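Participant: Pasting a structure here, questions to come.
The values are calculated or read from the model by the stated rules, or taken from the named source; none is laboratory data. Quick caveat, the model's predicted, so the values are computed rather than measured. Virtual Cβ from ideal backbone geometry, glycine too; neighbours counted across all protein chains shown. Just the protein is used for accessible areas: all its heavy atoms, side chains included, with ligands, DNA and RNA removed. Shrake-Rupley method; radii C 1.70, N 1.55, O 1.52, S 1.80 Å.
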Amino acid sequence: MLSWNFKRKRTAITEHHQNLGGHNLEVRSPASGTIQVGGNAEDSIMSRVTASDLPDLPKGQLPQHLELQRTHVLCGSDAPTHTETIQYSGAYASSGFDNSVRLDQFCKNFRVEVIRLTEDDMEFDMIGIDPSIANAFRRILIAEVPTMAIEKVLIANNTSVIQDEVLAHRLGLVPIKVDPRLFEYFSENDAPNEKNTIVFKLHVQCKRGDPRITVKTDELKWLPNGSQFLIPTENHTSNPSSKPKTYTSFTCSQDSLPEFSNSPIAPKHEDIIIAKLGPGQEIELEAHAVKGIGKTHAKWSPVSTAWYRMHPEVVLLQEVEDEKAEELVKKCPVNVFDIEDIGMGKKRATVARPRACTLCRECIHGRDWEKRVALRRVKDHFIFTIESAGALPPDVLFTEAVKILEDKCEQVISDLS
């Protein structure tokens, strides 16, 4: 590689010498050798040319093949190459390229482009960001953005075929449509109240002689005044005029609060099956939901999934026409390629939908197809997808993830200062 670069530079020096009218040029190599190009050493103008001033290596830029390896993952038929992210600032110092990360450069290059946004899912592009930051957002979305989920189940009667533990586990996984930012975390020393607990009631009975019934989440009824189950006491001679004690200590009704008056609390989906009851079977219980994060248990994870992939690039290295064009279109299972008519009865393949590429590499399998098609991934361009479980919209979830990452950074700075 070194000898090839040296020959390339010598060719460029010769061209530069001809442009200077035949004057002698002298270049000293790192090995203390000297290249003399044309003219007589006694009566010519001596000029020194540095490597960064050569026409084939502009100052502050990398050669095309190095720039491609730095910014892209190259996907061959066997395996991808150049998958690492080079973060060392002096990695390309010999070429005069500064690889350090600067805040002004990051602010200039970074951007977020929303591709699709619905009530339940969101797809957007994050451009100009390191993979570690993109992965940090993914992990925070899964494990650290809080939601409300059923944690305690008080079962008064369960004669169904589902065991109490399994029934409680199924209820815990039911997504609840409520903003968790309106509630406080519940600790062991706290009493269940209207600020940290949501209470649901489930009472379903299949009478004898009736057909089997399916119990769904629409049977979960919100109790804004708190628990209705009384705490059993041993002292039966207590003051009969005193208010019976329940499992919660609500000071006011939750539906009287302005944030819940127009949006009652309920499961996100009303058709999730909880159990099936046969004739004579019954379920009666109370379910208490509290605030938590997915790091503690998956039932508090606010997303069904959060994932990303690098933006694909599909490049045609040469013209693919006629029969080869039709063969290329048939090779791709996701219809990345299309055929256009170029006149004179000829057809040519084009890259119509590069974003749909899944890197199956079918298009480069076979003889000489790697010479016609190149598959790449952009290292700092990520297609991010968020599927919300229902507690919050996906765009709000991403905003909360950004806030959590910001708090983590401030905590690190505070600890180091």
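Participant: Hey, among the residues in the stretch 151-204 that are of a type in the set (S, T, N, Q) and within 15 Å of Gly292 (Cβ to Cβ), which one's modelled with the lowest pLDDT?
Facilitator: Ser187
Participant: Quick one: which residue in Val114, Val161 is more than 28 Å from Thr296 (Cβ to Cβ), open to solvent by 70 Å² or more (accessible area, probe 1.4 Å) and in a loop (DSSP other than H, G, I, E, B)?
Facilitator: Step by step, each of Val114, Val161 is checked, and only Val161 is more than 28 Å from Thr296 (Cβ to Cβ), open to solvent by 70 Å² or more (accessible area, probe 1.4 Å) and in a loop (DSSP other than H, G, I, E, B).
Participant: When you go through Ile155, Ile142 one by one, which is the residue that is open to solvent by 50 Å² or more (accessible area, probe 1.4 Å) and touching a helix residue (DSSP H, G or I) at 6+ places or on another chain (Cβ under 8 Å)?
Facilitator: So the residue among Ile155, Ile142 that is open to solvent by 50 Å² or more (accessible area, probe 1.4 Å) and touching a helix residue (DSSP H, G or I) at 6+ places or on another chain (Cβ under 8 Å) is Ile155.
Participant: List the residue pairs whose Cβ atoms are under 7 Å apart, where the first residue sits in the stretch 268-290 and is at negative phi, the second is exposed (fewer than 14 other Cβ atoms within 10 Å of the Cβ) and small (Gly, Ala, Ser), and the two are 6 or more positions apart or on different chains.
Facilitator: From residues that are at negative phi, the pairs are Pro279/Gly209; Glu284/Ala156; Leu285/Ala156.
Participant: Considering only residues that are over 19 Å from Ile133 (Cα atoms) and in contact with a strand residue (DSSP E or B) (Cβ under 8 Å, 6 or more places away or on another chain), look in the stretch 77-101 and name the one that is surrounded by the fewest Cβ atoms within 10 Å (Cβ to Cβ).
Facilitator: Thr81
Participant: In the stretch 364-374, which residues are open to solvent by 10 Å² or more (accessible area, probe 1.4 Å) and either aromatic (Phe, Trp, Tyr) or not in a loop (DSSP other than H, G, I, E, B) (or both)?
Facilitator: Passing the criteria: Glu370, Lys371, Ala374.
Participant: Mind checking which residues of the stretch 321-337 are outside any helix (DSSP H, G or I), open to solvent by less than 70 Å² (accessible area, probe 1.4 Å) and farther than 19 Å from Pro80 by Cβ?
Facilitator: Glu321, Phe337
Participant: Looking only at the stretch 176-206, how many residues end up being open to solvent by less than 30 Å² (accessible area, probe 1.4 Å), part of a loop (DSSP other than H, G, I, E, B) and out of contact with any Cys (no Cβ under 9 Å at 6 or more places or on another chain)?
Facilitator: 6
Participant: Kindly indicate which of Asp104, Asp130, Asp53, Asp125 is at pLDDT 85 or above and open to solvent by 70 Å² or more (accessible area, probe 1.4 Å).
Facilitator: That would be Asp104, the only listed residue that is at pLDDT 85 or above and open to solvent by 70 Å² or more (accessible area, probe 1.4 Å).
Yes/no per residue for (1) open to solvent by 20 Å² or more (accessible area, probe 1.4 Å); (2) within 24 Å of Asn189 (Cα to Cα); (3) assigned to a loop (DSSP other than H, G, I, E, B); (4) basic (Lys, Arg):
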position	(1), (2), (3), (4)
Ile274	no, no, no, no
Pro279	yes, no, yes, no
Glu286	no, yes, no, no
Lys295	yes, yes, yes, yes
